[in-house]
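First the structure, in the form of structure tokens, and then the observations on it.
The values are calculated or read from the model by the stated rules, or taken from the named source; none is laboratory data. Predicted model only: the values in this text are computed from it and were never measured. Counting neighbours? That spans all protein chains shown, and the Cβs are built from the backbone with ideal geometry, glycine included.
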Amino acid sequence: MAEILRAPKGLDGVAVADTSIAKSDADGTLIYRGYAIKDLFERSTFEESCYLILYGRLPTKGELEEFEAKLRRYSMVPHNVYELVKAIPHEAHQMDVLRTAVSGLGATEGGISSEEQELSIIAQMPTLVANCYRLNQGTEPAEPDPSLSLSANYLYMLTGKKPTSFEAWSFERMLILYLEHDLNASAFTVRVVASTLADIYSACTAGLAALKGPLHGGANEAAMQMLLKIGSAGNARSYVQETLAKREKIMGFGHRIYKTVDPRSQLAKKLLRELLEKQGKSLETYKLCEAVENAVWDFKKLPSNVDFYAAPIFLNLGIPIETFTPIFASSRTVGWVAHYNEQLMDNRIYRPDAIYIGEKGLKYIPLDSRDA
């Protein structure tokens, strides 16, 4: 019998797969398919970055146009999925609604090819996120506008108004930052499901379940609620000190990989200031975030992560807080699809061992003979 190796909790420091999709490093670097996140953030589009992650290279102009056309064509959601959404209680968390809707998609689109399924789920996620929220609020689903880019259309469906070019560009930047992040909890979950040869809808439904947690995708909603609670930069230091004294978590800070800086956070930080200035708004929100960031570093030496600055960017774009984590999920679906396919290229079902620490040799006692 082969020796069983005990892995550290959380599989910290354990490599379980080879990947060429993305890589984050403790020195504060992140690459997608070899390209620095800063270059893609500043120069790429969401659709182009999607193509890169899915197919391993940047597209030609013709390939990109064809890819964009496919995403527009697949963006419509079957109405029977909306009927499923309408049956969910209004108080349900939007990630629960989205998870159920994606599972419903899997039950309605089984007759198309696997490639069409993958493009379909990527294209339909923005439509689903926006319309699950609209249905929850008692309004009718919005139809995608084929004249708009994916990010501009997404923002339009979320807010009900056509965004300015800078607002659409800003939102697109955040979608690019959320696209992929190597073997995080949800990506690993997707790969585990893929290893069983389940379909892409099953894998993404599982990914959504993992992403919902506040230690993963749910951090952006929690970070926004925290910032609203703190209120102003002047309250930041005392809030952080008191929260840490109670051994409570400061949401939007700390990361398993990044120890000094999350490159996505710093890009989002700069974007927040630019957005507020373009909108002609006060910089108080930016100053509040910076004050909290400085206090957490002084007291705990923890860097902010992407969720911390994503939250106020989304809020200042007019996006409802309830949809913050679903937006993260809609972008990360691209990474999940890439991980799903990469897992199947050299697949073996995940089946780790567990070290049993319970009792053995117990004798069964009939029900009538057991003490009360």
Cβ-Cβ under 6 Å pairs, at least 6 apart or on other chains, segment 3-16 side within 18 Å of residue 356 (Cα to Cα), far side in a loop (DSSP other than H, G, I, E, B) and hydrophobic (A, V, I, L, M, F, W, C): 7/14
Options 276, 211; residue that is out of contact with any Cys (no Cβ under 8 Å at 6 or more places or on another chain), of a type outside the set (Asp, Glu) and assigned by TED's automatic domain parsing to the domain that holds residue 96: 211
Of all residues making up segment 188-235, the number that are part of a loop (DSSP other than H, G, I, E, B) and either in contact (Cβ under 8 Å) with a residue 40 or more places away in the chain or among the hydroxyl-bearing types (Ser, Thr, Tyr) (or both): 8
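Results for (1) surrounded by fewer than 18 Cβ atoms within 10 Å (Cβ to Cβ); (2) of a type in the set (Val, Ile, Thr); (3) under 28 Å from residue 131 (Cβ atoms); (4) touching a Lys or Arg at 6+ places or on another chain (Cβ under 9 Å), shown as yes or no for each residue.
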{"site": "289", "(1), (2), (3), (4)": "no, no, no, yes"}
{"site": "292", "(1), (2), (3), (4)": "no, yes, no, yes"}
{"site": "314", "(1), (2), (3), (4)": "no, no, yes, no"}
{"site": "318", "(1), (2), (3), (4)": "yes, no, yes, yes"}
{"site": "323", "(1), (2), (3), (4)": "no, yes, yes, no"}
{"site": "328", "(1), (2), (3), (4)": "no, no, yes, no"}
{"site": "347", "(1), (2), (3), (4)": "yes, no, no, no"}
Residue, surrounded by the fewest Cβ atoms within 10 Å (Cβ to Cβ), within segment 134-158, restricted to residues that are in contact with a Leu (Cβ under 7 Å, 6 or more places away or on another chain) and not in a loop (DSSP other than H, G, I, E, B): 156
Sole exception among (1) in a helix (DSSP H, G or I); (2) more than 16 Å from the chain's Cα centre (by Cα); (3) among the small types (Gly, Ala, Ser) for residue 311, by number: (2)
Residues being farther than 17 Å from residue 323 by Cβ and among the charged types (D, E, K, R) - total across segment 189-227: 2
Segment 296-315: number of residues that are free of Cβ contacts under 8 Å to residues at least 40 places away in the same chain and touching a Phe, Trp or Tyr at 6+ places or on another chain (Cβ under 8 Å): 0
Flag if residue 189 is among the β-branched types (Val, Ile, Thr) and closer than 26 Å to residue 315 by Cβ: no
Scan of segment 80-96 for residues that are without any contact (Cβ under 8 Å) to a residue 40 or more places away in the chain and either outside the structural domain of residue 153 (by TED's automatic domain parsing) or part of a helix (DSSP H, G or I) (or both), ordered by number: 80, 83, 84
